[in-house]
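The values are calculated or read from the model by the stated rules, or taken from the named source; none is laboratory data. These numbers were taken from a predicted model, which means no experiment stands behind them. Cβ placement follows ideal geometry from the backbone for every residue including glycine, while neighbour counts extend to all protein chains displayed. Note: areas computed on protein heavy atoms with side chains; ligands, DNA, RNA excluded. Shrake-Rupley method; radii C 1.70, N 1.55, O 1.52, S 1.80 Å.
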Amino acid sequence: MAKDVVIDLVIRYGFQVLGAIVILAAGAIVGRWLGRLVDRQLRARAMEPPMRQLITRSLFIVVMLFAVVVALDKFGFQIAPLVAGIGVAGIGIGIALQGVLSNVVAGLSIIFTKPFRVGEYIEIAGVQGDVAAIELFSTTLLHADRSRVIIPNRKLVGEILHNFGTMRQLHLTVTVPLVADVTAVLAAATDVVTRNERVLKDPAPVVGIAQIGDGGIKIGVNPWVRVVDVGPAEGELYRALAEQFHGRGLRLGFGPADVRLVDGVAARA
């Protein structure tokens with residue numbers, strides 16, 4: 001008896017189940033194919049990755065929803081009551097997932113308004129780093145030590161944003177004695193930054209006197225570099241400054257203890 005029942009069910013519903021599986025598989029294949037096709041077109045137009053990802057995923061979901069509706073129709077389901085039921089369930093799910101949905105809405109706001117882009121260096125919500133990825137639910141920042149900070153998008157919208165762009169200005173200082181030849185010191189520092197390959201030519205680096213005190217003269221060295229070169233460039237420049245000053249016989253550090261400022265002029269006590 002049980003065998004007869006199974007055979008009867010297979011005969012009655014077998015082709016419907018097989019047809020539904022074929023429809024779903026075809027929907028997945030078509031959805032992925034359309035996604036890749038649209039992605040290539042969007043890449044050719046230089047559209048940003050978050051926007052491409054949103055469009056291709058939405059397209060895949062629409063195709064799969066259509067395939068599911070057609071597959072259910074193969075079983076004789078009434079689509080109208082099903083859609084109404086999904087709507088009611090969606091309201092309940094939306095209330096339960098308010099935090100998740102707020103992240104999605106915030107993610108869409110970031111993607112469309114573009115307050116920052118992938119590859120830029122930003123400071124927001126008490127954290128800073130290179131923007132590595134912008135997704136619907138979160139934004140990922142990358143630190144110089146390769147660690148990642150994943151921020152929910154709802155924490156980013158409405159916050160004060162400091163966008164450094166794709167380049168940053170380094171703020172280096174070296175101290176020389178009050179009796180040092182300032183012209184030679186500035187020339188040596190300028191020579192170092194102009195020779196470094198990581199330093200950008202535009203904007204031009206700024207080299208000058210940052211502060212004068214009893215402890216000595218502080219020279220500010222402020223070149224511009226790409227965000228990805230911030231860490232390596234700082235170490236390279238400090239080393240080159242030390243070597244250049246020593247090579248030219250220019251002393252670094254504080255001067256003699258008996259040298260003080262008198263009416264803005266270095267004089268011995």
Compute the distance in nm between two label points, each set 7 Å from the Cα along the Cα-to-Cβ direction, one at Ile21 and one at Asp145. 5.2 nm
Suppose R0 equals 22 Å; then what is the FRET efficiency for Ala210 and Ala132 from their Cβ-Cβ distance, rounded to the nearest 0.05? 0.05
Quickly rank 141-152, 169-180 as a protection proxy: mean count of other C-beta atoms within 10 Å, highest first. 169-180, 141-152
Carbon plus sulfur, as percent of the 1.4 Å-probe accessible area of the stretch 156-210, comes to 54 percent
Cα shape, the stretch 209-250, gyration tensor, a/c 1.5 rule: oblate
Pairwise label distance in nanometres, Ala28 with Thr166, each label 7 Å out on the Cα-Cβ vector: 3.9 nm
Averaged per residue, what accessible area in Å² does the stretch 123-218 show with a 1.4 Å probe, protein chains only? 56 Å²
